[in-house]
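> I'd like to ask some things about the structure below.
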Amino acid sequence: MQVELYTTTDSPNVINKTLTKVREVNVTFRQMVDETSPVMILHNQNIDGCNYAYIPTFKRYYFISDISNYNNVLSRVALTSDLLMTYQDTLLNSEVKITATEKPSYLSTNLPTTTQNTVRKTFSTVTLPTENSIVLTTVGGINNGK
């Protein structure tokens, strides 16, 4: 799986960041990975000068949130989703209705609403053995600790 590594000097709350591509690396995830906050093991030289990433397979942008030593040549790189960049097209093309009221209201039934369901299949490069295997499939949304 390709991972594009970048550098950016923009603030995290900027929706259309200026990215400078540093390099692409090929990564193989050897276990289940949370696509909202994956962790990778990379050669130290591959992450020099990088603070941002994009994984085309996941169609998601990430902050490099933590780099810790794995051994003397490898580092554990933790990524955190950048939702503003990941969904920038949707956010920038959204219609917004702004109204002024004396008393703030957080729910308006007059505004149009939409629901979007995203279904994505990601196929592994790992081949299961021909003897008995257990495959666990989960379906659900993001809990966000609630």
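> Go through region 21-36 and give me each residue that's among the polar types (S, T, N, Q) and surrounded by 13 or more Cβ atoms within 10 Å (Cβ to Cβ). Break it down stepwise before answering.
Residues of region 21-36 that are among the polar types (S, T, N, Q), as a first pass: 26, 28, 31, 36.
Passing the criteria: only T36.
> Name the single residue, out of those in region 1-19 being in contact with a Cys (Cβ under 8 Å, 6 or more places away or on another chain) and within 27 Å of Q31 (Cα to Cα), that is surrounded by the fewest Cβ atoms within 10 Å (Cβ to Cβ).
Checking each candidate, the answer is Y6.
> Next question, about the same structure. Is region 77-92 home to any residue that is at pLDDT below 90 and β-branched (V, I, T)?
Within region 77-92, one or more residues are at pLDDT below 90 and β-branched (V, I, T).
> For region 1-23, name all the residues that are in contact (Cβ under 8 Å) with a residue 40 or more places away in the chain, part of a strand (DSSP E or B) and closer than 18 Å to S65 by Cα. Can you show your working first?
Let us first name the residues in region 1-23 that are in contact (Cβ under 8 Å) with a residue 40 or more places away in the chain, namely 1-8, 12-17.
Subsequent filtering for residues that are part of a strand (DSSP E or B) retains 2-7.
Matches in region 1-23: V3, E4, L5, Y6, T7.
> While we're here: Check region 24-39 and report whether any residue there is in a strand (DSSP E or B), modelled with pLDDT of 90 or more and touching a Ser or Thr at 6+ places or on another chain (Cβ under 6 Å).
Taking region 24-39 and keeping what is in a strand (DSSP E or B), we get 24-26, 39.
When the remaining residues are screened for being modelled with pLDDT of 90 or more, the result is 24-26, 39.
Checking which are touching a Ser or Thr at 6+ places or on another chain (Cβ under 6 Å) leaves us with none.
So far as region 24-39 goes, no, none of its residues is in a strand (DSSP E or B), modelled with pLDDT of 90 or more and touching a Ser or Thr at 6+ places or on another chain (Cβ under 6 Å).
The values are calculated or read from the model by the stated rules, or taken from the named source; none is laboratory data. Keep in mind it's a predicted model, so treat the numbers as computed, not measured. Because the Cβ atoms are built from the backbone with ideal geometry, glycine has one as well, and the counts that use them run over all protein chains shown.
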